[in-house]
1. Determine, yes or no, whether residue 120 is modelled with pLDDT under 90 and of a type in the set (Phe, Trp, Tyr).
2. Taking region 21-56, which residues are within 21 Å of residue 192 (Cβ to Cβ), of a type in the set (Lys, Arg) and assigned to a loop (DSSP other than H, G, I, E, B)?
3. All but one of (1) closer than 20 Å to residue 152 by Cα; (2) modelled with pLDDT under 90; (3) surrounded by 19 or more Cβ atoms within 10 Å (Cβ to Cβ) hold for residue 257, so report the exception by its number.
4. Of the residues that make up region 206-213, is at least one modelled with pLDDT of 90 or more, at negative phi and of a type in the set (Lys, Arg)?
5. Would you mind stating whether residue 93 is closer than 26 Å to residue 121 by Cβ and not in a strand (DSSP E or B)?
6. Please enumerate the residues belonging to region 217-242 that are touching an Asp or Glu at 6+ places or on another chain (Cβ under 6 Å) and of a type in the set (Ser, Thr, Tyr).
7. Only one of these is under 17 Å from the mean Cα position of the chain (by Cα) and on the phi < 0 side of the Ramachandran plot: 146, 157. Name it.
Amino acid sequence: MNRTLVFLYLFFVVSLTRGQSLPFLKEPAFKAGEELHYRLRYGVISAAVGTLKVEDSKIKFSSPHTFHLSARGQTSSAFSVFYTVDNRYDSYIDSRTFLPHYYTENIREGNYRRTDIVRFDHRNRTVQGNKGTFKSQSAQTFDLLSAYYFSRNLDLSNVKPGQSFNMTYFLNDEIATLGIEYIGIESIKTPIGTLECLKFSPEITPGRIFRKDSRLYLWVTNDGNRIPVKAQVEILIGSVTLELTEAKGLKYPLGEKLAGVSK
């Protein structure tokens, strides 16, 4: 797993689904014009930055209205001396179901280049990628970007500490599942203030990056916006932390609770 995949793993791993339709809030937790900025730190060194945006889609699909989600991840100036990354991810989702229609990845890592195009057929539970068509067992299958935004709209009012979930997503021409445990509510300090958060622990696989005893923790605002503000994991050498540095165009004031938000 390279540095970019670690970045993506921390960036989107909030997503939750059980392989069947989960209840979600009908009113989106986000709106067009939202923009989130993140920083990835390796120890005390700033290794990468990322930006997520929500826009009204100019491309029309079968749904009456579509959101265009975009994310860009780049190595910081300090890390670019050793290895340069500039990746772009785009997902087009139905604004009512939050399921993806179409997804693209444009990968630029050093001298490596790759472009992925993915199409979703939720009626037939199939995903068409670069290497063919794949069958999903889940009623809700996502790319990593649409999974992030869908999860923000889940109704978590009945979630209990210790409860685990699974997410189904399509990545690198493979449908995979990730388990996530809900830990509880915790207030943490962030670059944008102290916030009450929902704390999760997604499962990770030991190997070239993670230690055998490593645990990944993720903190998501316990409010109407449901934005991840921090993720942290121990790796073989040191630790990696993802933190929100700026949030613009939010639908609700930070900390404002709505129905479906844990108490």
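1. Numbers: modelled with pLDDT under 90: no; of a type in the set (Phe, Trp, Tyr): yes.
So residue 120 does not fit the description; no.
2. 31
3. Result: residue 257 passes all but (3).
4. Kept after step one, since they are modelled with pLDDT of 90 or more, are these residues of region 206-213: none.
The answer is no, given that none of the residues of region 206-213 is modelled with pLDDT of 90 or more, at negative phi and of a type in the set (Lys, Arg).
5. Values: closer than 26 Å to residue 121 by Cβ: yes; not in a strand (DSSP E or B): no.
No; evaluated as a whole, the condition is false for this residue.
6. Just the residues of region 217-242 that are touching an Asp or Glu at 6+ places or on another chain (Cβ under 6 Å), to begin with: 222-224, 230.
Within region 217-242, none qualify.
7. Details: 157 fails: under 17 Å from the mean Cα position of the chain (by Cα).
Testing whether each residue is under 17 Å from the mean Cα position of the chain (by Cα) and on the phi < 0 side of the Ramachandran plot leaves just 146.
Per-residue answers, yes or no, for (1) surrounded by 16 or more Cβ atoms within 10 Å (Cβ to Cβ); (2) in contact with a strand residue (DSSP E or B) (Cβ under 7 Å, 6 or more places away or on another chain); (3) among the basic types (Lys, Arg); (4) at pLDDT 95 or above:
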| site | (1), (2), (3), (4) |
| --- | --- |
| 29 | yes, no, no, no |
| 39 | yes, yes, yes, no |
| 44 | no, no, no, no |
| 51 | no, yes, no, yes |
| 58 | no, no, yes, no |
| 65 | no, no, no, no |
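The values are calculated or read from the model by the stated rules, or taken from the named source; none is laboratory data. Given the structure is predicted, the values throughout are model-derived calculations rather than measurements. Here Cβ is always computed from backbone atoms with ideal geometry, including for glycine, and neighbour counts include all displayed protein chains.
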